[in-house]
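The values are calculated or read from the model by the stated rules, or taken from the named source; none is laboratory data. Since we're looking at a predicted model, the values are computed, not measured. We place every Cβ from the backbone using ideal geometry, glycine too, and count neighbours over all the protein chains shown.
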Amino acid sequence: MNKAFVREPDETTALRCPQCDSPGLPVGSETLEAQLGDAARTAIAESAFYCPYPRCEVAYFDAFERVVKADRLRSPAYPKDPTAPLCPCFGLTADDVEQDVREGVVTRVRAVVDKAKTAEACCKQKSPSGQSCVAEVQRHYMRFRETWNAQTR
């Protein structure tokens, strides 16, 4: 096909998952190489997106709507697998965050937020989205705290 008739995707607009229509998070080749085996890696373009929607079975997709499903990741990944660590760099789980809420402290959450600012954090390799877990950890903390407070009133 003549390239004059093929529109390149806008870099400023996130593509949407071809399965669930959620906006994708752009990921780099460093993340894809760390998260996928060779066969899955060659099935998708260098420029790809992560689908963060928990109930969608697609992990990565590209502008040509080729997908790699979450079951092809090297290891389970949150939120696709709710039992996987929220923070794959330091192993913080949803249970750890919930324990902080039940104890009325932020010890575990604060520790991982502080560690995420250090060179020890390997988000581009260990996180399926290639991004820091801090926002997801804080979101989970706030959601669970709201639920916990409603139950204990």
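Worth a mention:
- Residues that are closer than 21 Å to His140 by Cβ, buried (at least 17 other Cβ atoms within 10 Å of the Cβ) and free of Cβ contacts under 8 Å to residues at least 60 places away in the same chain within region 54-79 comprise Cys56, Ala70, Leu73, Ala77, Tyr78, Pro79, listed in sequence order.
- Residue among Ala14, Ala39, Ala48, Ala34 that is among the aliphatic types (A, V, I, L, M) and touching an Asp or Glu at 6+ places or on another chain (Cβ under 9 Å): Ala48
- Residue match in region 100-114 (condition: part of a loop (DSSP other than H, G, I, E, B), outside the structural domain of Gly28 (by TED's automatic domain parsing), surrounded by fewer than 20 Cβ atoms within 10 Å (Cβ to Cβ) and in contact with a strand residue (DSSP E or B) (Cβ under 9 Å, 6 or more places away or on another chain)): no
- Here Ile44 meets each of (1) under 23 Å from Cys133 (Cα atoms); (2) assigned by TED's automatic domain parsing to the domain that holds Ala14; (3) touching a helix residue (DSSP H, G or I) at 6+ places or on another chain (Cβ under 9 Å); (4) buried (at least 19 other Cβ atoms within 10 Å of the Cβ) with one exception, condition (1).
- Qualifying residue in region 70-82 (condition: outside any loop (DSSP other than H, G, I, E, B) and either farther than 21 Å from Pro23 by Cβ or touching a Leu at 6+ places or on another chain (Cβ under 6 Å) (or both)): yes
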